[in-house]
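Chemist: Take this structure, written in structure tokens, and hold onto it; I'll ask about it next.
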Amino acid sequence: MVSQPQPTSEKSPYFDLSEKYGFKIDFRQMLKVEPIMAKEFRTQRISILDYSAIIFNARHGIDHFFRLCDEMRISIPETMKYFCVTEAVAVYLQHYIHYRKRKVFFGNTGKMADLVTVMNKHTDEKFLLITSDVLNEETLLALEKSKVTFQKAVMYRTVTNDFSPEEQFDYDMLLFFSPIGVSALKKSFPDFEQGDIKIGCFGATTAQAMKDFGLRLDFQAPTTEAPSMTKALENYMKEYVKNFKK
């Protein structure tokens, strides 16, 4: 089970690994997003039009940014610049703006550090990061190390997406990407025993959450050998197959 949305492209490395090693993957989100209403957002005392550039690290952020602007009757000027963590997120802006007429920038790797390289060429801009109440530690660290001035704007909330009693839970491996995902597992299955189930995770805080819950971590990313979760999974499967053939 991969605790993320199913990839929209058939070219995902997950599908390549599934075919290569003959295992089935279920993409099952352990988190879901809930909106923050205009009344609550105003308590953050953020004036959106004080900023000249918006940072989006997910399509959820785009939806909730324009939703809140509509609720608060804020008209975004055509001079606003948009910085997106991937091209796919950038293209999603077409749902709300005339994409070709606006200044839209994006990173190439999907990592905030890559986008920061682009942002550092626009140090005169005042950036507003659209985020949930749970912010990825790598994202925050990359921005804090940047040369730009930025402010966080929490526009949606990330909560656990619990398993229902009718859902089948019969997995040999679980992949987690956030501490909340691990919490969702323990909330849905308070008596969960790992046993032979293998668990991989992304990020130091996710790994710490696993340890706090008494779970065994079988592999982790990012590392020098495995900068991504798919690479960590591939390395694990290579070793597994090698040992299985002995």
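Chemist: With the requirement that a residue be of a type in the set (Phe, Trp, Tyr) and touching a helix residue (DSSP H, G or I) at 6+ places or on another chain (Cβ under 9 Å), what does segment 1-42 give you?
Modeler: Quick first cut of segment 1-42, residues of a type in the set (Phe, Trp, Tyr) only: 14-15, 21, 23, 27, 41.
Once the filter is applied, which keeps residues that are of a type in the set (Phe, Trp, Tyr) and touching a helix residue (DSSP H, G or I) at 6+ places or on another chain (Cβ under 9 Å), segment 1-42 yields Tyr14, Tyr21, Phe23, Phe27, Phe41.
Chemist: With the structure loaded, tell me whether Phe219 is outside the structural domain of Ala113 (by TED's automatic domain parsing), within 20 Å of Thr109 (Cα to Cα) and either in contact (Cβ under 8 Å) with a residue 40 or more places away in the chain or crowded, with 17+ Cβ neighbours inside 10 Å (or both) or whether it fails that test.
Modeler: no
Per-residue answers, yes or no, for (1) out of contact with any Lys or Arg (no Cβ under 9 Å at 6 or more places or on another chain); (2) assigned to a loop (DSSP other than H, G, I, E, B):
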| residue | (1), (2) |
| --- | --- |
| Glu138 | no, no |
| Ser146 | yes, yes |
| Phe150 | no, no |
| Met155 | no, no |
| Phe163 | no, yes |
| Gln168 | yes, yes |
| Ile180 | yes, no |
| Leu185 | yes, no |
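Chemist: Turning to a different aspect of this structure: Among the residues of segment 115-142, count how many are of a type outside the set (A, V, I, L, M, F, W, C) and either within 15 Å of the chain's Cα centre (by Cα) or assigned by TED's automatic domain parsing to the domain that holds Thr206 (or both).
Modeler: The number of residues fulfilling the criteria is 7.
Chemist: If you take the residues of segment 216-246 that are of a type in the set (A, V, I, L, M) and more than 22 Å from the chain's Cα centre (by Cα), which of them is farthest from Ser12 (Cα to Cα)?
Modeler: Looking at the filtered set, the residue picked out is Val241.
Chemist: From the list Lys152, Lys145, which residue is exposed (fewer than 15 other Cβ atoms within 10 Å of the Cβ) and in the same structural domain as Lys111 (by TED's automatic domain parsing)? Break it down stepwise before answering.
Modeler: Details: Lys152 fails: exposed (fewer than 15 other Cβ atoms within 10 Å of the Cβ).
Step by step, each of Lys152, Lys145 is checked, and only Lys145 is exposed (fewer than 15 other Cβ atoms within 10 Å of the Cβ) and in the same structural domain as Lys111 (by TED's automatic domain parsing).
Chemist: Please enumerate the residues belonging to segment 93-104 that are assigned to a helix (DSSP H, G or I) and farther than 20 Å from Thr139 by Cβ.
Modeler: In the first step, residues of segment 93-104 are kept if they are assigned to a helix (DSSP H, G or I); the result is 93-95, 99-101.
Scanning segment 93-104 gives Gln94, His95, Tyr99, Arg100, Lys101.
Chemist: Give, as residue ranges, the strands (runs of 3 or more DSSP E) completely inside segment 1-92 that count at least 2 residues that are surrounded by 14 or more Cβ atoms within 10 Å (Cβ to Cβ) and more than 14 Å from the chain's Cα centre (by Cα).
Modeler: 53-56, 81-84
The values are calculated or read from the model by the stated rules, or taken from the named source; none is laboratory data. Here the structure is a predicted model, which means the values were calculated and not measured. Because the Cβ atoms are built from the backbone with ideal geometry, glycine has one as well, and the counts that use them run over all protein chains shown.
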